[in-house]
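Reviewing the structure listed below.
The values are calculated or read from the model by the stated rules, or taken from the named source; none is laboratory data. Everything numeric here is computed off the predicted structure, so don't read it as measured data. Here the Cβ is made from the backbone with ideal geometry for all residues, glycine too, and neighbour counts use every protein chain on show.
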Amino acid sequence: MNKTVFPPIVNSGVLDDRADALHQARLRENPVGIFPKLNSRAIIINIFAILILWSCARGDPKEQLIQFPEEVSLVVLSNHPTFEIRDDLRLSHIDDYLIVLSSINSKSNLSIYNKRDFSYVIDGIPLGEGPEEIMTPISLHTHNRDIYIVDGSTKMVKYSLDSILMQRAFHPIASIKHPRVQEFLWYFLPVPSGYILTTFNKKRHFIKIDHSGSPVAELGVFPENPLLKQVSNMSYGDYYTGIYTISPRQDRIFKVYRDFGMISVYDTLGNELNTNRLDLETNYEGKVTFEDGRMIKGPRNSMYVRLSSDEKYVYGLFYGKDPSKNVHRATICDEIHVFDHLGNPLKKIKLEVGVTDISVDRKANRIYGINYLEERPLVEFDLGDILL
């Protein structure tokens, strides 16, 4: 199937720079003009054609909707260990181990299972006491054999899987507090020289810190939006709130949006490489009103609730429903959207049962999910040949 590639919704300037360089080169080769032999009518026709192409390239955002070329379904292969129902379950994997993060009775717990037979390796050990305690875990990320957990808006804690297995206890190998800046700081994305944090600040989409937690760079900006003239710079990015992850090579940042059916890709300098607006029935039109200086978004559905990636694909766990009508304690999703590393949509995967989080393991050819409504909440799907 031929795929139409649309330009980014937010112009990164790359296309304009290339066009300008080509124009300057032509002028050097032909100082009297690019089309010296054309008569005035031909020039007008060419200009008209260029304007049409430019208009089509810009396009109305509603016309720049990209569809998923394929949809597949997966049934449950098996269900696994029974454990007490817990809130805010998060899931990841490292090699032969499944990592489950949960919160119960205001205590954060980490459980580790062997993927081969789903036996307990470590079950429900609380994450630290006193200064080491994690109060409000909001994200779980794994890289190599390390585990990263963000605790609310206060700190990021890093654990070594090997140390956990050896000591049978959770003692962080690093704990980095949020830098003292007047920002809403959320995601910690590990890079070789430190961490990249996401913000809502219009003038700096990301902040980079070193391994000691000191800010070293401000990266990227949010797009200019005439609808947001009344919004302060500090909370500007709340309009574009989303979920972030970083590629295993730590060279690309991926973002899916909570309110919009969109995906963006950035490099680790904060430059936007691509943004695709997706053809989804529940897409938010982006309307806002203001009351006492507060921005109020129009009716919308909650789109993406989790995001992860591997060496080849990006996986967005899709909800697409009105969150106010959710009767469960967690967001149960039955659809995964698969993208390449440029943010181009590849597949929709429909799941037989809903899950609150997923971990895709292409080496084992499995998708693992957590579904706390089930008596045996750890579910397993066989990928077959759909992600080869």
Out of Gly354, Gly369, report the one residue that is over 30 Å from Gln250 (Cβ atoms), small (Gly, Ala, Ser) and touching an Asp or Glu at 6+ places or on another chain (Cβ under 8 Å). Gly354
Tally time: how many residues in region 347-380 are buried (at least 16 other Cβ atoms within 10 Å of the Cβ), not β-branched (Val, Ile, Thr) and not in a loop (DSSP other than H, G, I, E, B)? 12
For Gly213, only one of the following conditions fails: (1) of a type outside the set (S, T, N, Q); (2) within 22 Å of Ile138 (Cβ to Cβ); (3) touching a Gly at 6+ places or on another chain (Cβ under 8 Å). What is its number? (3)
Residue that is surrounded by the fewest Cβ atoms within 10 Å (Cβ to Cβ), among those in region 291-328 that are assigned to a strand (DSSP E or B) and out of contact with any strand residue (DSSP E or B) (no Cβ under 7 Å at 6 or more places or on another chain): Glu291
Within region 191-216, restricting to residues that are surrounded by fewer than 20 Cβ atoms within 10 Å (Cβ to Cβ) and in contact (Cβ under 8 Å) with a residue 40 or more places away in the chain, the one that is farthest from Lys155 (Cα to Cα) is Pro192
What are the pairs with Cβ atoms under 6 angstrom where one residue, in region 137-148, is surrounded by fewer than 17 Cβ atoms within 10 Å (Cβ to Cβ) and the other, located anywhere, is modelled with pLDDT of 90 or more and among the hydrophobic types (A, V, I, L, M, F, W, C)? Sequence gap at least six, or different chains. Arg145/Ile94; Arg145/Leu161
